[in-house]
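The values are calculated or read from the model by the stated rules, or taken from the named source; none is laboratory data. In this text the structure is predicted, and so the values were computed from the model without any measurement. Note that each Cβ is placed from the backbone with ideal geometry, even for glycine, and that neighbours are counted across all protein chains shown. Just the protein is used for accessible areas: all its heavy atoms, side chains included, with ligands, DNA and RNA removed. Shrake-Rupley method; radii C 1.70, N 1.55, O 1.52, S 1.80 Å.
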Amino acid sequence: MPQWVEACGTGDVEPEEVIRFDHQGRTFCIFRSPEDDFYCTDGVCTHEKVHLADGLVMDHTIECPKHNGVFDYRTGEAMRMPVCINLKTFAVKVEDDRVFIEI
């Protein structure tokens, strides 16, 4: 059964940035878009198992720091080789300046 888990505060993520969130042995990325919306994806690249939170965030995308593959963090879509498997995304809600993800 999915559950909502508190991941961070809204002030912990700057616009067009990402932070890493670890929970129960899994790694997630929490993103804040230029429009001030929050998104969550798996935190590890589907290509080489590298932590994506160390990558570059720009124009609703995250670039893997190892081989420069690109994902759309809103949908998880793999957008540039060498990545070809999409990231899993998770529902996000904000309550009282706290960010929650559904896992």
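Structure notes:
- For 71, 38, the ranking by accessible surface with the largest value first comes to 38, 71, using a 1.4 Å probe.
- Taking every Cα-Cα distance in the chain and sorting them into 10 Å bins starting at zero, the pair-distance distribution P(r) comes out as 17, 53, 27, 3 percent.
- Phi to ³J(HN,Hα) by Karplus 6.51 cos²θ - 1.76 cosθ + 1.60 over the range 59-66, Hz, x for Gly, Pro: 6, 6, 10, 10, 9, 4, x, 8
- The simple spin-label model puts a point 7 Å past each Cα toward its Cβ; for residue 22 and residue 103 those points are separated by 1.2 nm.
- Surface exposure of the chain, expressed per residue as accessible area with a 1.4 Å probe, stands at 55 Å².
- Portion, in percent, of the accessible area of the range 4-102 that falls on carbon or sulfur, probe 1.4 Å: 44 percent
- Residue 5 paired with residue 91, simple spin-label distance in nm, labels 7 Å along Cα-to-beta-carbon: 1.6 nm
- Under 5 Å, built H, 5+ apart or other chain: amide partners of residue 98: 10
- Karplus (6.51, -1.76, 1.60) ³J(HN,Hα), θ = phi - 60°, over the range 42-52, in Hz, Gly and Pro reported as x: 3, x, 10, 4, 6, 8, 10, 6, 9, 5, 6
- Only Cα pairs under 8 Å and 6+ residues apart enter the sum, and on that basis the relative contact order of the range 4-102 stands at 27 percent.
- Charge dipole (the chain, unit charges on Cβ, about Cα centre) - positive-most of 94, 50, 39: 50
- Ordering of 77-86, 26-35, 47-56 by packing is 26-35, 47-56, 77-86, highest average first (other Cβ atoms within 10 Å, averaged per residue).
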